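For reference, the structure discussed in these notes is given below.
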Amino acid sequence: MTQNFRTASLLIAISLWTVWTSYAQVQGSGAQGKPPAPAATWDRAGQGAAQTAATLPEVDLRGLKIQLQVFQDLVNRSIQQSFEQPFTLLQDAKGSYLPHFGAVFQLEVNLHPMRLISPFDMRPYTPEELRKARDAKLQRVRELKTRLSALLLEHGTKLSEVPPDQGVAIVVHLFNLPSEQSEALPTQLVIETSRAVLLDAQAQRTTVAEFQKRGLFLEF
């Protein structure tokens, strides 16, 4: 009886293995003969009629990727050098390309970190500390707008792979502690312009103050 049981188990195992190898061969044969996808290309498959009606811009994605990297490195260095301590760059700038918008860069900062509450110092923040931190952050938001505007004017036109009619935006997430939350303190700073505006501003030698009147600036 034991021998019959072993024989039956072996037959079942062989059957399962045969089914599995057949399935694997079928799955594998579908991938054979297909060339590897390029590292940087548009995936147009599966787009509906509404999407294909709007033609994607002709962009050299490899070149654009390099330009995004260069600009985001400039943003990171500029921000870190613009403010004295206390200041924290919580998330480095990262650039992305949106085909129907343009280039977008995002980062997160704490413009004026408050003292750390720890088991060794449990004192709550005083109203005076909160007021000073709020005033310092609001002042640094103004400085941040000026610094990023100057950066866009000086280097934004070098994003040459972005079509002139498309946008260039910088989104700064502003970190605040729960105890700092107030209507006066924004949590985001958004600067949006277009590459055409940047090209024109460079040709006209537009000042930062003049550029800030032409660009879109949001604080909320």
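Kindly provide the set of residues from region 94-114 that are within 12 Å of Q72 (Cα to Cα) and either among the polar types (S, T, N, Q) or touching a residue at least 60 places away in the same chain (Cβ under 8 Å) (or both), ordered by number.
S96, A103, V104, F105, Q106, L107
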Handout entry: Residue check, H173 in contact with a strand residue (DSSP E or B) (Cβ under 9 Å, 6 or more places away or on another chain), surrounded by 13 or more Cβ atoms within 10 Å (Cβ to Cβ) and either within 23 Å of L90 (Cα to Cα) or modelled with pLDDT of 95 or more (or both)
Key = yes
Handout entry: Selection from region 53-73 of residues that are farther than 13 Å from V162 by Cβ and surrounded by 16 or more Cβ atoms within 10 Å (Cβ to Cβ)
Key = Q72
Practice task
Check K65 against each of (1) modelled with pLDDT of 95 or more; (2) closer than 29 Å to Q212 by Cβ and name the one condition it does not meet.
Solution key: (2)
Problem - region 115-132 residues that are surrounded by 11 or more Cβ atoms within 10 Å (Cβ to Cβ), paired with ones that are not in a loop (DSSP other than H, G, I, E, B) and not hydroxyl-bearing (S, T, Y) (beta carbon under 7 Å, 6 or more apart) - result: L130/E180
Fill in the blank from the handout: Of the residues in region 176-203 that are polar (S, T, N, Q) and under 16 Å from A150 (Cβ atoms), the one that is surrounded by the most Cβ atoms within 10 Å (Cβ to Cβ) is T193
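The values are calculated or read from the model by the stated rules, or taken from the named source; none is laboratory data. Predicted, not measured: the structure shown is a model, and the values here were computed from it. So basically every Cβ, Gly included, is an ideal-geometry build from the backbone, and we count neighbours across all protein chains shown.
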